[in-house]
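The values are calculated or read from the model by the stated rules, or taken from the named source; none is laboratory data. It should be emphasised that the depicted structure is a prediction, and the values quoted were computed from it without experimental measurement. Neighbour counts run over all protein chains shown; Cβ positions are idealised from the backbone, glycine included. These accessible areas exclude ligands, DNA and RNA; they are computed on the full protein's heavy atoms, side chains included. Shrake-Rupley method; radii C 1.70, N 1.55, O 1.52, S 1.80 Å.
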Amino acid sequence: MYDFAPAADADKATLYADLLSAADALTRDEPDAVANMANLSALIWQFLPDLNWAGFYRMVEDDLVLGPFQGKAACIRIPLGRGVCGTAAQTRETQLVADVHAFPGHIACDAASASEIVVPVVHDGRLIGVLDLDSPRPARFDSADQQGLEELVARIAGRIG
């Protein structure tokens, strides 16, 4: 059994270092991509405050298809270039969105979402999918979150693809 817990008073750098360590421990020896995505979604949900959705969309043929997540039921398929997730997948660049309602073509799976960050997951030059986090709080995510999540994705990309 694993018992990972973030420190209640940790700054973001410490929080992400602890998250990365926990993610590494959970996924290092597990070859199943879906199991790893499921555990990573749960870890992110546990470690990062003020989220209402955390999970993965997997690249399947020409669409992003819903993968393991924590939160309310979500959109199942997202075309490349559509919404925040589709834009991140198409550009292969992290999308840090302070106000989702101002993002052109935003797809509202949960009306409570106010801000979002989506990190593309690329391994050996192949787009595997995206890591998507939503928050009910406007401007919840910042450059420290982007750096921490990009580091996490870089570490685990080969374990989920």
ask   = Roughly how many Å² of Glu93 are accessible to a 1.4 Å probe, to the nearest 10?
value = 110
Computed lengthening from Ala35 to Ala73, 0.36 nm per intervening residue step minus Cα-Cα distance = 11.8 nm
task = Order the peptides 46-57, 69-80 from the highest to the lowest mean number of other Cβ atoms within 10 Å of their residues.
result = 46-57, 69-80
ask   = In whole Å, what three semi-axes, largest first, describe the equivalent ellipsoid of the stretch 78-156 built from its Cα gyration tensor (square root of 5 times each eigenvalue)?
value = 20, 15, 9
message = Can you compute the charge dipole magnitude of the chain about its Cα centre, using +1 on each Lys and Arg Cβ and -1 on each Asp and Glu Cβ, nothing else charged? Give it in debye, rounded to the nearest 20.
response = 340
remark   = Between the modelled labels at Gln147 and Ala7 (7 Å from Cα along Cα→Cβ) the distance in nm is 1.7
key: Convex hull projection area averaged over all views, the stretch 15-93, Cα basis, nm²   = 5.8
query = Any idea of the accessible area per residue across the chain, 1.4 Å probe, to the nearest Å²?
reply = 48
inquiry  = Can you find, among Pro49, Leu133, Cys75, the residue sitting farthest towards the positive end of the charge dipole of the stretch 1-137, where Lys and Arg contribute +1 and Asp and Glu -1 at Cβ?
reply    = Cys75
remark   = Computed on Cα atoms only, the convex hull of the chain has an orientation-averaged projected area in nm² of 8.7
ask   = Alpha carbon centre of the stretch 136-158 versus the stretch 21-89: separation in Å?
value = 12
ask   = With every protein chain present, what accessible area does Val84 have (1.4 Å probe, heavy atoms only), rounded to the nearest 10 Å²?
value = 0
